[in-house]
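The values are calculated or read from the model by the stated rules, or taken from the named source; none is laboratory data. Everything numeric here is computed off the predicted structure, so don't read it as measured data. Because the Cβ atoms are built from the backbone with ideal geometry, glycine has one as well, and the counts that use them run over all protein chains shown.
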Amino acid sequence: MVIVRCPTGCGPTRRPYARRAEAVRCGNCTAWFAAAPVVEDGALVDGVLLARPGEPLIAGTVGHGRWRFVVMLLALAALALLLRHYISM
């Protein structure tokens with residue numbers, strides 16, 4: 001189970017761990033959000049806003065491929081910083 005906070009500040013929503021990256025609609029403000037797929041089971045996390053309150057959710061907004069791409073970019077940036085540090089020594 002993962003507890004995901006609505007990014008607009010409404011409050012938390014409990015999600016099964018296997019469905020953490022699926023879009024969920026806030027019962028209070030009607031915003032669509034999801035947790036990042038990389039969160040740990042039992043975590044309390046801030047949700048990623050997929051659609052603002054009152055806006056429709058566009059199909060394909062969140063997907064594992066997109067998150068893998070973002071994580072890969074972050075890893076490459078960290079590697080570049082490490083290489084820059086070691087080269088400047």
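Looking only at residues of segment 13-29 that are aliphatic (A, V, I, L, M) and in a loop (DSSP other than H, G, I, E, B), we find that the one that is modelled with the highest pLDDT is A23. Determine, yes or no, whether T30 is touching an Asp or Glu at 6+ places or on another chain (Cβ under 9 Å), farther than 23 Å from M72 by Cβ and not charged (D, E, K, R). Spelling it out, T30 is indeed touching an Asp or Glu at 6+ places or on another chain (Cβ under 9 Å), farther than 23 Å from M72 by Cβ and not charged (D, E, K, R). Of everything in segment 5-61, what is at positive phi and exposed (fewer than 14 other Cβ atoms within 10 Å of the Cβ)? Give them in sequence order. Within segment 5-61, G9, G11, G42, G54, G60 qualify. In segment 30-89, what residues are assigned to a helix (DSSP H, G or I), among the β-branched types (V, I, T) and at pLDDT 85 or above? I87 - this is the single residue of segment 30-89 that is assigned to a helix (DSSP H, G or I), among the β-branched types (V, I, T) and at pLDDT 85 or above.
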